[in-house]
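Everything on this sheet refers to the single structure shown next.
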Amino acid sequence: MLPSVDFAVVRSKLQRWYRRSQRDLPWRRRADDPYAQWLAEMMLQQTQTATVIPYYEKFLNCFPTVETLAEADREEVLSLWAGLGYYRRAHLLHEAARRVAFDLGGHFPDTVEELLTLPGVGRYTAGAIASIAFGRRAPILDGNVSRVLARLFNIRERPDTPAVKARLWELAEAVLPKRNCGAFNQALMDLGATVCTPKNPNCPGCPLLGNCQAYRNDTVDAIPPPRKRSRVQSVSMTAFVVLAGDCVLLRQRSDDGLWAGMWELPSAVANGDEMASVAEEVLPVSMARRRVDMESIGSVEHQLTHRSIRFNAYRVFLKRVRLPKGYRWTKLSNDLPLPSAFKKVLLLATDG
């Protein structure tokens, strides 16, 4: 059962606040372009807005249409994605672009149900694209919106439990106006991102203060309740920096697992193995045999969401040789298409 709240008042106050306080984000300048909205939403999954903006602008410069993205080599897409994290999204992005360009004639689906058929598009992403780009009356529910609604209606249970999530989706749909749903959804997102923040929310500056049941009950700071912390797995890896003049050796990872399909400094989980054993596993045979020339250069730490990785790094200087498939020489530069973890290792090897 929905709470007895005057939704019309909530809509009016929030829309009025949004007209004067909305964030200036690059994808909002192309609100009626489904490609621009889809690209932004795919990048924003589990990633902060400030981090996404330069990647988004770089992608649009290189791939201004869904057709140009679909026609690009996957390696080029992964290269531009390097450093953004959650690399499976890049694979799904390219796959969905090909679906739209080649199977749908370049036309994005305009309903939630049809958008959900695209790779990587879930209920939130589909609702965002449908409401913002096509004006559909489609609710959204991300972390920011969940927090706003939970505080507004004083829902004190964890929002990621199935029953609570279902209730929040129901509220997200009930509060939607009949028109201008895209702007209203963005207003909810902005309120959560800038005012109704996880910590130290600016309650005095909130347009919904007089309607907020959590504020009335002094439970704002308790919503949402803290998440039970997942155990962080510690992983030890061995990485090799093979330098030949102004080039470094890169190896392409498999399409499965961590950093799928990305280029890396040759590396593997150590599992207690000697450096020589790892070298034989990840380096071309001719180089692995030169393990006596490998110089230990120390270690670096890299933190992922549920993993803490320690890279034990080794360096060797060689002359350039022909490489087997899956390896390549790449010139050293500041924008190598490497995940952030391997950029740290490379910096350790080349700094100074």
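Dipole size of region 116-162 about its Cα centre, with +1 on Lys/Arg Cβ and -1 on Asp/Glu Cβ: approximately 140 debye, rounded to the nearest 20.
Of interest is the spacing of the C-alpha centroids, which for region 39-81 and region 97-123 amounts to 16 Å. Bridgeable lysines around LYS228 (alpha carbons under 22 Å apart, same-chain partners fewer than 8 residues away excluded): LYS165, LYS199.
Per residue, the chain exposes 51 Å² of solvent-accessible protein surface, assessed with a 1.4 angstrom probe and all protein chains in place. Each of the peptides 124-134, 139-149 was scored by the mean count of other Cβ atoms within 10 Å over its residues; in descending order, highest first, they stand as 124-134, 139-149. DSSP beta bridges fully contained in the chain are about 65 percent antiparallel.
When each of the peptides 93-103, 230-240 is scored by the mean number of other C-beta atoms lying within 10 Å of its residues, the order from highest to lowest reads 93-103, 230-240.
A full extension of the chain between THR51 and ASP32 corresponds to an added length of 4.5 nm, given 0.36 nm per residue minus the alpha carbon distance. Counting protein heavy atoms only, the chain has 47 percent of its accessible area on carbon and sulfur, 1.4 angstrom probe. Positive end of the dipole of the chain (Cβ unit charges, origin at the Cα centre): among VAL175, LEU208, GLY143, the Cα lying farthest that way belongs to LEU208. Scattering from region 132-194 was approximated by placing one identical point on each alpha carbon and applying the Debye formula without solvent; log10 I(q)/I(0) at 0.13, 0.24, 0.29, 0.30 1/Å stands at -0.31, -0.99, -1.28, -1.33.
Under the convention that each Lys and Arg Cβ holds +1 and each Asp and Glu Cβ holds -1, the size of the dipole of region 1-129 around its Cα centre is about 820 debye. Partners of LYS325 within straight-line reach, counting lysines whose Cα lies under 30 Å from its Cα and excluding those fewer than 8 residues away in the same chain: LYS58, LYS343, LYS344. Reducing region 189-227 and region 129-157 to their Cα centroids gives an inter-centroid distance of 14 Å. Per residue, the convex hull spanned by the alpha carbons of the chain comes to 160 Å³. Which of THR194, PHE134, ALA50 sits farthest toward the positive end of the charge dipole of the chain, with +1 on the Cβ of Lys and Arg and -1 on the Cβ of Asp and Glu? About the Cα centre, the residue reaching furthest to the positive side is THR194. Based on the Kirkwood approach, the hydrodynamic radius assigned to region 93-197 is 14.5 Å, with every pair of different Cα atoms included.
Each Lys and Arg Cβ is given +1 and each Asp and Glu Cβ -1; about its Cα centre, the chain then shows a dipole of about 800 debye. Tell me the mean residue ellipticity at 222 nm calculated for the chain from its helices only (DSSP H runs of n ≥ 4, each -39500 (n - 2.57), averaged over every residue, nearest 500). Theoretical 222 nm ellipticity from helices: -12000 deg cm²/dmol.
The values are calculated or read from the model by the stated rules, or taken from the named source; none is laboratory data. If you're wondering where the values come from, they're calculated on a predicted model, not measured in any experiment. Neighbour counts are summed over all protein chains in view; Cβ atoms, including those assigned to glycine, are modelled from backbone coordinates with ideal geometry. Please note that ligands, DNA and RNA were not included when accessible areas were found on the heavy atoms of the full protein model with its side chains. Shrake-Rupley method; radii C 1.70, N 1.55, O 1.52, S 1.80 Å.
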